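Working notes, structure below.
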Amino acid sequence: MSKDLLDLDDVTAEVEEEKPKRSSFGKKFMGVNPASMLAGKDSAPHMVGEKLKAKDKEIEQLKEQLKQANGSSSSIELRMPFSGKSVSFTLREIEPSLIDVSTINQRIQSLLNDAAVSDILPDIRKNGQSEPGYLRPTKDGRFELIAGSRRLYCVKQIPGRKYLALIGDVPDEDIRHLSRVENKQRPISAYETAMSFYNDINSGIYKTWEQLAEVEDIARSTAFRYKRLVELPEVFVQLFTSPNDMSVTAADWITSALKKDEKTKKLLISKAKDLLDDKVNKICNGYKLLSAELVLKELKRSLLEGGKSTPTRKKPVVYKAKGTPKFKHSLASNNNSKFEILDASTEEIDKIKAFLVRMFKAEAQ
């Protein structure tokens, strides 16, 4: 196993790096293929960009108008920036179970958890939504979420809470641009950006990664880093508190390590599954999660150790002394120990808890 593959010093130092930002205007064209825009006399990418920047200003104005509609029970009629159609928006509260997230939404819903929305969940739980999401009606009384999936996740965690939204029959040409509204406040991660670009190429919006780089106004080297990022198994993204915590540099290292050989791949995937189990357990119990730097160090350690020091799962052992309750101990493959106390009275359980609290200087969570 090569030393350069295992050296994470540069990676951990760049965990907090600022990932290349996605152009604010490059995606502002649903129903207009960039290839056709680049085919005419105005074929230079910078001229395409100038046209799209003008639309960007219209979208900003529309967002301000939508903000003004917040708090009003009456409807507001707004002109859409791309289709030119007028759409009536009404502020309503909707049952979350009736809402489906649009496939155009860039956020990967499986990456949302309480930790990933910790910046807004406590406030929404206490005070409700300060900003509505955006929905459009579909069939059978259901709604498609255009923007606000993080807020929707939060509302779903609160029993009986409904989702506050501005509802309008937004045309397809405009929906992908409005779906970017929330991403200005909480930028999507490098991984989600990469997957969104990948979907754009698969759907024919772009022909190649080179063309995508030109229209999105990003360096080709950056575009091809996103291309490599698509190859990363989602389990590695799930290890981080939020997908935003995983830098492109860290993802590059993991992707390269997975390609090294089959043994390295198995070690990393096994370690990732153990770390993910640990993360889920910590979330359930309200414990602090590993930082991005520690996640990477744990992955590095699994390769350095070569799996040799990883404990093997052991069968439970039952311990018994005369006049005392039995207890059972087992060891999992992730080195977590489990104790089960059998046939103990309430008084004995209380004594054991008191002993453990003193021993670990612990407090109830």
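The values are calculated or read from the model by the stated rules, or taken from the named source; none is laboratory data. This one's a predicted model, so the numbers in the text were calculated from it and none came from an experiment. Cβ placement follows ideal geometry from the backbone for every residue including glycine, while neighbour counts extend to all protein chains displayed.
Observations on the model:
- Criterion: among the acidic types (Asp, Glu) and modelled with pLDDT of 90 or more - qualifying residue of Asp169, Asp174: Asp169
- Thr241 vs. criteria under 29 Å from Ser118 (Cβ atoms), of a type in the set (Val, Ile, Thr) and part of a loop (DSSP other than H, G, I, E, B): yes
- Boolean, Leu152 is closer than 18 Å to Pro243 by Cβ, of a type in the set (A, V, I, L, M, F, W, C) and crowded, with 20+ Cβ neighbours inside 10 Å: yes
- Residues that are modelled with pLDDT under 90 and under 19 Å from Thr249 (Cβ atoms), drawn from the stretch 265-290: Leu290
- Filtered residues of the stretch 250-260 (kept if touching a residue at least 24 places away in the same chain (Cβ under 8 Å) and over 17 Å from the mean Cα position of the chain (by Cα)): Asp252, Trp253, Ile254, Thr255, Ser256, Ala257, Leu258, Lys260
- Scanning the stretch 302-360 for residues that are modelled with pLDDT under 75, part of a strand (DSSP E or B) and surrounded by 11 or more Cβ atoms within 10 Å (Cβ to Cβ) yields Lys314, Leu331.
- Residue in the stretch 230-240 that is of a type outside the set (Lys, Arg), modelled with pLDDT under 85 and surrounded by fewer than 19 Cβ atoms within 10 Å (Cβ to Cβ) present: no
- Of all the residues in the stretch 261-292, those that are closer than 20 Å to Asp114 by Cα and either of a type in the set (D, E, K, R) or surrounded by fewer than 14 Cβ atoms within 10 Å (Cβ to Cβ) (or both) number 13.
- Where helices (runs of 4 or more DSSP H) fall entirely within the stretch 138-229, those with at least 3 residues that are without any contact (Cβ under 8 Å) to a residue 60 or more places away in the chain and over 27 Å from Phe89 (Cβ atoms) are at 190-202, 209-216, 220-229.
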